[in-house]
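K.L.:
Here's a structure for you.
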Amino acid sequence: MKRFTAVILIALLVAASAALAGWIKYTPSPTNKDINAVDFLALDDGWAVGFWGEILHYTAGRWNINFTWPTQYFQDVDFSTPDFGFAVGYQGTTVRFNGTSWVTNHVPSGTYSMFAVGIPVGSTSTAWACGEHGELWKWSGGNWTKTTLGTTRTLHDIYWSSGTDGWICGDAGTVYHYTGTSWSAVSAFTSYNFYCIYALAPTNVWVGGSGGRLYHYEGIQWTQVTTPTSTAIREMAFNGPTDGWAVCDGGIVIKYDGITWKTVATTPTTTENFSGVNFVDGTSGWAVGTNGTIYEYRNFPAVEPSSLGRIKATLK
């Protein structure tokens, strides 16, 4: 009888743990407003930004509103260390986190809205932000200075794979590359709008956008990759060359296994538009979107071998 009970208990533990795997909706969300971006420094230290100037902080296992900038909205957030991060948004609104509080660091008046901010890997004194009308700004020495790219197209995303390798993407197939000294335009390979870009290395870059279109650069040329969605790809995150994720309009999540992109289910399913995704490691990630949508990715083993052994020993 004890053996039978042990089998049942182990089966229940496996089932319960398996239920924790995958994309699970976080409830209750601390806001019903759109959340546009998310960035994590560690398993228990994450930030998200969105509509009406809300900045959310994840710590002690919970999301809470940490800061609000009335009448404004934030589009992106990026951190390099716990005491150096930026959020950017409407009409040049920028705030910097100094480890204790958020401090306003606006660019000169009249600036267009910023859609993305990126901090070069390892930097604690430099940040870049881009947005409408092809504007690109660099923060250094406590001030923002403008860099002219020679385009008026809207720029949607910026990403750094290292301290000297940066990428920007935008409307009508716009892509720029930074190699340590300056930004240079990448020859156009499509006319579709790009909303997100991710570089694992200077010769391993992904860019996604309208209509579920995704392109991959492997050091020689950009090649279109088949995806299982026709909705706009809004953001990407990779844990390595064979473990990639992208979130899309309509509550679509897709995963790359090194060969193909496939749709992954969420629990529960949603039709809210996703706008941001970020992973701490291969077992923990977060996705955010419209109307306060927050999903957590969990990939825990069903039952750890050591735990299983203890259960069996106890129930003999």
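The values are calculated or read from the model by the stated rules, or taken from the named source; none is laboratory data. Small disclaimer: the values here were computed from a predicted structure and weren't measured. Please note: Cβ atoms are built from the backbone with ideal geometry, for glycine as well, and neighbour counts cover all protein chains shown.
K.L.:
Farther than 18 Å from residue 78 by Cα and out of contact with any strand residue (DSSP E or B) (no Cβ under 6 Å at 6 or more places or on another chain): which single residue out of 154, 164, 179, 147 fits that description?
P.N.:
Checking each option against the conditions leaves just 179.
K.L.:
Among 53, 99, which is the only one that is at positive phi and surrounded by 20 or more Cβ atoms within 10 Å (Cβ to Cβ)?
P.N.:
Answer to the check: 53.
K.L.:
Taking the criterion of being without any contact (Cβ under 8 Å) to a residue 24 or more places away in the chain and within 29 Å of residue 264 (Cα to Cα), would at least one residue in the stretch 186-202 satisfy it?
P.N.:
Looking for residues that are without any contact (Cβ under 8 Å) to a residue 24 or more places away in the chain and within 29 Å of residue 264 (Cα to Cα), one finds at least one in the stretch 186-202, hence yes.
K.L.:
If you don't mind, another one. So, in the stretch 75-93, how many residues would count as being within 23 Å of residue 42 (Cα to Cα) and not in a loop (DSSP other than H, G, I, E, B)?
P.N.:
Of the residues in the stretch 75-93, 12 are within 23 Å of residue 42 (Cα to Cα) and not in a loop (DSSP other than H, G, I, E, B).
Each row is one residue, and each column tells you yes or no for (1) closer than 16 Å to residue 278 by Cα; (2) in contact with a helix residue (DSSP H, G or I) (Cβ under 8 Å, 6 or more places away or on another chain); (3) in the same structural domain as residue 119 (by TED's automatic domain parsing); (4) of a type in the set (A, V, I, L, M, F, W, C).
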{"position": "33", "(1), (2), (3), (4)": "no, yes, yes, no"}
{"position": "36", "(1), (2), (3), (4)": "yes, yes, yes, no"}
{"position": "51", "(1), (2), (3), (4)": "no, no, yes, yes"}
{"position": "64", "(1), (2), (3), (4)": "no, no, yes, no"}
{"position": "78", "(1), (2), (3), (4)": "yes, no, yes, no"}
{"position": "83", "(1), (2), (3), (4)": "no, no, yes, no"}
{"position": "90", "(1), (2), (3), (4)": "no, no, yes, no"}
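K.L.:
Might you check whether a residue that is modelled with pLDDT under 95, under 26 Å from residue 193 (Cα atoms) and in the same structural domain as residue 28 (by TED's automatic domain parsing) occurs anywhere in the stretch 66-75?
P.N.:
yes
K.L.:
So which of 229, 263, 271 ends up being among the hydroxyl-bearing types (Ser, Thr, Tyr), assigned by TED's automatic domain parsing to the domain that holds residue 49 and either under 22 Å from residue 61 (Cβ atoms) or assigned to a strand (DSSP E or B) (or both)?
P.N.:
263
K.L.:
Same structure, new question: For the stretch 102-135, enumerate the residues that are buried (at least 21 other Cβ atoms within 10 Å of the Cβ) and outside any loop (DSSP other than H, G, I, E, B).
P.N.:
The answer is 114, 115, 116, 117, 118, 127, 128, 129, 130, 131.
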